[in-house]
Amino acid sequence: MPAARPRRGAEDSTTGRDAGLPELAGGPPGMGVVEVRRSARRRRTVTAYREKGRTVVLIPAAFSPAEERRWVAQMVAKLQTREERRRRSLGGDDELMARARALSAAHLDGLAEPTSVRWVDNQNRRWGSCTPADGSIRLSGRLRSMPEYVVDYVLVHELVHLLEPGHDERFWAHVARYPRAERARGFLEGIELAASAGDADGDPAADLVD
């Protein structure tokens with residue numbers, strides 16, 4: 001599943017450039033570089049999400065430096081807490097394989113039988129990938145921070161590739177058997193839109209931390 005390619009140098013509407021910050025001193029480990037983007041379109045809302053190993057925090061342009069520091073620290077901590085909770089619930093590769101088999105049984109009559117399903121950290125432009133020839137499925141580690149129904153949708157998408165290698169009408173008919181397929185696709189499209197536009201205002205991906 002390819003992701004939309006982010007625009008280079010997504011601009012903040014106030015300064016005309018990215019407002020980047022180094023990794024927060026004393027901040028939660030594992031969150032990488034924290035990038036702050038100010039937007040004149042924002043009045044009060046603050047949003048945070050993960051993008052290619054970075055933590056992006058979107059704040060109103062009118063925030064003072066003190067407000068920025070306070071909100072960035074708060075949102076980074078909130079995002080990390082949510083990610084850790086989801087990581088525990090999703091588990092490792094064994095749990096992912098069990099999840100895939102359960103989804104195949106529930107929505108694909110058990111016809112999709114993967115030989116391996118695992119998390120990978122080298123897929124930055126795809127949410128998932130499948131090799132029908134050997135039955136292997138790989139999911140991007142970026143999905144660990146997303147709702148479980150979105151992870152399940154990507155799993156179903158890749159499971160269907162074991163039955164239909166292309167993206168024809170039969171493929172999408174199989175995918176549509178997953179009840180939350182449309183909602184999950186909208187969520188992922190919202191994530192990609194936020195990444196390309198540099199702002200999540202009006203974004204349908206409501207599960208972003210805000």
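The values are calculated or read from the model by the stated rules, or taken from the named source; none is laboratory data. Note that the structure is a prediction, hence the values are computed from the model and not measured. Methodologically, a virtual Cβ is constructed for each residue, glycine included, from the backbone with ideal geometry; neighbour enumeration extends over all protein chains shown. Side chains included, ligands, DNA and RNA excluded: accessible areas come from the protein's heavy atoms. Shrake-Rupley method; radii C 1.70, N 1.55, O 1.52, S 1.80 Å.
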Check: Which of (1) touching a residue at least 40 places away in the same chain (Cβ under 8 Å); (2) in a helix (DSSP H, G or I); (3) open to solvent by 60 Å² or more (accessible area, probe 1.4 Å) does residue 177 not meet, given it meets every other one?
Finding: (2)
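Can you pull out the residues in region 142-156 that are within 20 Å of residue 106 (Cα to Cα), open to solvent by less than 20 Å² (accessible area, probe 1.4 Å) and within 15 Å of the chain's Cα centre (by Cα)?
Answer for region 142-156, where residues must be within 20 Å of residue 106 (Cα to Cα), open to solvent by less than 20 Å² (accessible area, probe 1.4 Å) and within 15 Å of the chain's Cα centre (by Cα): 147, 150, 151, 153, 154, 155.
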Note to self: Looking at the structure I just gave you, is residue 147 modelled with pLDDT under 95, over 11 Å from residue 184 (Cα atoms) and not hydroxyl-bearing (Ser, Thr, Tyr)?
What the structure shows: no
Next item on the list: Report whether or not residue 73 is surrounded by 13 or more Cβ atoms within 10 Å (Cβ to Cβ) and farther than 25 Å from residue 55 by Cβ.
Entry: no
Item checked: Residue in region 41-51 that is of a type in the set (Val, Ile, Thr), surrounded by fewer than 18 Cβ atoms within 10 Å (Cβ to Cβ) and touching a Leu at 6+ places or on another chain (Cβ under 9 Å) present -> yes
Note to self: Which numbered condition in (1) at pLDDT 95 or above; (2) charged (D, E, K, R); (3) surrounded by 19 or more Cβ atoms within 10 Å (Cβ to Cβ) is the only one that residue 203 fails?
What the structure shows: (1)
Margin query: Quick check on my filter: what residues within region 101-141 are at pLDDT below 90 and buried (at least 19 other Cβ atoms within 10 Å of the Cβ)?
Written below: 123
Note to self: For region 52-70, give me each residue that is under 15 Å from the mean Cα position of the chain (by Cα) and open to solvent by 40 Å² or more (accessible area, probe 1.4 Å).
What the structure shows: 52, 53, 54
Item checked: One residue from 108, 143, 90 being in contact (Cβ under 8 Å) with a residue 12 or more places away in the chain, among the hydrophobic types (A, V, I, L, M, F, W, C) and farther than 26 Å from residue 56 by Cα -> 108
